[in-house]
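All remarks here apply to the structure that follows.
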């Protein structure tokens, strides 16, 4: 039975990944995400058979059916990564109750939103409000539903309040950096991203996500300095590291946090 749900999660994730390709392509260009998809080279409208996740790309040899122009492998990669994240989410969380299903759904929403944040920030150095607002609304709603299921209401230890506290705590450091540097050190998009990550992770797991993000950022920055001969002032899309850190923390946050606190002697 597990293999059936695992396969269904993978397929569902690939379909979401296909939609994310549209979001990632169009939103930074201020285009509507509705409407028929077209080949970016020849402008020919694409049929459903041209947009099957994975299979269309492979069967067409990575080329447009109509103009034979090369299709970026990024589309295939985003579909595959999203599908794998959805499948891993199922395998790790494996829900057996309504509350656990909500947690899985929350992870799937987070994975989809953060894949979009990752790619858009990596390519354009921007974090779009529309993506952040969508993720925040879903996170607030799911946190509230989890509290209702567990009859915790708006208690301090509830998911809803914990998310709000983590959102404030998660965005405050970025806001101070943005304020002190007048936007030179960090963009305001990262401040707003901190709000979303707090709603997704809750307190105190927000700092587990940040810890992973800073470790990733540090290693990548060091690698760029050593191997790519980049300077210390090289601009890096920090939203990409925050996205990866959050996804890992959503899956393994409690264990990582327990290990980190034990490492510090608490």
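The values are calculated or read from the model by the stated rules, or taken from the named source; none is laboratory data. Owing to the predicted nature of the structure, the values given are computational and were not obtained by experimental measurement. Note that we place each Cβ from the backbone using ideal geometry, even for glycine, and neighbour counts take in every protein chain shown.
For the structure I just gave you, tell me whether residue 162 is within 17 Å of the chain's Cα centre (by Cα), within 26 Å of residue 85 (Cβ to Cβ) and either at pLDDT 85 or above or surrounded by 14 or more Cβ atoms within 10 Å (Cβ to Cβ) (or both).
No, not satisfied.
Of the residues 202, 217, only one is buried (at least 16 other Cβ atoms within 10 Å of the Cβ), modelled with pLDDT of 75 or more and in contact with a helix residue (DSSP H, G or I) (Cβ under 6 Å, 6 or more places away or on another chain); which? Break it down stepwise before answering.
Numbers: 217 fails: modelled with pLDDT of 75 or more.
The match here is 202.
Does residue 112 satisfy the condition of being at pLDDT 90 or above and within 21 Å of residue 11 (Cα to Cα)?
Here the answer is yes, as residue 112 does meet what is asked.
If a residue has to be assigned to a loop (DSSP other than H, G, I, E, B) and modelled with pLDDT of 70 or more to count, how many in segment 47-65 make the cut?
8
Among 81, 120, 126, 148, which is the only one that is over 17 Å from residue 5 (Cα atoms) and assigned to a loop (DSSP other than H, G, I, E, B)? Before you say what the answer is, go through the steps one by one.
Details: 81 fails: assigned to a loop (DSSP other than H, G, I, E, B); 120 fails: assigned to a loop (DSSP other than H, G, I, E, B); 148 fails: assigned to a loop (DSSP other than H, G, I, E, B).
Of 81, 120, 126, 148, the one residue that is over 17 Å from residue 5 (Cα atoms) and assigned to a loop (DSSP other than H, G, I, E, B) is 126.
Quick test of your reading of the structure: residue 56 fulfils all but one of (1) more than 16 Å from the chain's Cα centre (by Cα); (2) touching a residue at least 40 places away in the same chain (Cβ under 8 Å). Name the failing condition by number.
Checking residue 56 against (1) more than 16 Å from the chain's Cα centre (by Cα); (2) touching a residue at least 40 places away in the same chain (Cβ under 8 Å), the one that fails is (2).
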